[in-house]
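Below is one structure, written out as structure tokens, with a few remarks after it.
The values are calculated or read from the model by the stated rules, or taken from the named source; none is laboratory data. As the structure is a computational prediction, the values presented were derived from the model and not from experiment. We place every Cβ from the backbone using ideal geometry, glycine too, and count neighbours over all the protein chains shown. We work out accessible area using only protein heavy atoms, side chains counted, and drop any ligands, DNA or RNA first. Shrake-Rupley method; radii C 1.70, N 1.55, O 1.52, S 1.80 Å.
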Amino acid sequence: MLGRALASRLAVPYVELDAFMHQAGWAPRPDPEFLDDVDRATAQPGWVVDGNYVSVVIEGPVWKRADTVVWLDLPRRTVMRALIARTVRRSLTREVLWNGNREPLSNLYSLVPNDNFVVWTWVHHDEVVRRYRDAMADPRWSGIDFIRLRSRAAARRWLESVAPAAGG
């Protein structure tokens with residue numbers, strides 16, 4: 001939600017990485033195609049990327065071209081509560097996501113992280129926090145302005161402080 005709102009405020013394209021990654025039937029896009037899609041989307045002068053696929057964000061074109069990285073670093077309990085509510089809502093309403101995919105409730109039954117995004121998020125939360133914290137301290141990225149927001153209220157306040165694009 002923050003990424004989409006920021007892109008709208010800045011009047012630039014919103015690039016949702018999940019839309020590039022998840023093909024029909026939840027088939028993952030092959031890495032070279034995924035990288036090419038992200039490379040094309042970030043080759044233009046302005047954009048907001050939403051997602052954290054290391055291969056295209058930190059190791060790929062996104063951070064190489066970014067001037068600002070906004071990290072919504074919420075506590076695990078906040079992330080989990082929102083993720084579970086969103087997953088259940090999408091499953092029950094049969095909301096169409098990327099490329100015709102819908103979240104099946106059966107995704108919530110497995111305790112295997114790679115088969116259940118809720119479990120994956122729980123298991124990998126600390127790792128993701130560490131990855132972003134370490135990357136922010138990496139001298140390679142010293143030219144990027146990092147904004148680390150630790151609550152939804154902080155995110156709202158920050159978004160309101162961003163000057164809208166001319167005419168927007």
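Listed residues Val69, Val79, Val57; which is surrounded by 15 or more Cβ atoms within 10 Å (Cβ to Cβ) and part of a strand (DSSP E or B)? Sole residue among the options that is surrounded by 15 or more Cβ atoms within 10 Å (Cβ to Cβ) and part of a strand (DSSP E or B): Val69.
Given the structure, is Tyr14 open to solvent by 30 Å² or more (accessible area, probe 1.4 Å) and touching a Lys or Arg at 6+ places or on another chain (Cβ under 8 Å)? Yes, satisfied. Can you tell me which residue within region 31-48, out of those that are farther than 15 Å from Leu10 by Cα and among the aliphatic types (A, V, I, L, M), is surrounded by the most Cβ atoms within 10 Å (Cβ to Cβ)? Applying the filter and picking the extreme gives Val38.
Among the listed residues Asp73, Asp37, identify the single one that is modelled with pLDDT of 95 or more, of a type in the set (D, E, K, R) and out of contact with any strand residue (DSSP E or B) (no Cβ under 6 Å at 6 or more places or on another chain). The unique qualifying residue is Asp37. Would you be able to say whether some residue in region 157-164 is in contact (Cβ under 8 Å) with a residue 40 or more places away in the chain, open to solvent by 40 Å² or more (accessible area, probe 1.4 Å) and in contact with a Leu (Cβ under 7 Å, 6 or more places away or on another chain)? Looking for residues that are in contact (Cβ under 8 Å) with a residue 40 or more places away in the chain, open to solvent by 40 Å² or more (accessible area, probe 1.4 Å) and in contact with a Leu (Cβ under 7 Å, 6 or more places away or on another chain), one finds at least one in region 157-164, hence yes. Among residues of region 89-118 being of a type in the set (Lys, Arg) and part of a helix (DSSP H, G or I), the one that is most open to solvent (accessible area, probe 1.4 Å) is Arg89.
Restricting the first member to region 90-102 and to residues that are at positive phi, and the second to residues that are in a loop (DSSP other than H, G, I, E, B) and surrounded by fewer than 15 Cβ atoms within 10 Å (Cβ to Cβ), the beta-carbon pairs closer than 8 Å and six or more apart or on different chains are Arg94/Arg102.
Restricting attention to region 140-156, the residues that are open to solvent by 70 Å² or more (accessible area, probe 1.4 Å) and more than 24 Å from Pro61 (Cα to Cα) add up to 3. Is there any pair linking a residue in region 119-139 that is under 14 Å from Pro75 (Cβ atoms) and open to solvent by 30 Å² or more (accessible area, probe 1.4 Å) to one that is outside any helix (DSSP H, G or I) and aromatic (Phe, Trp, Tyr), with Cβ under 9 Å and at least six apart or on different chains, and which? No pair meets every condition. Would you call Ala7 within 18 Å of Trp158 (Cβ to Cβ), in a helix (DSSP H, G or I) and open to solvent by less than 40 Å² (accessible area, probe 1.4 Å)? So Ala7 passes the test.
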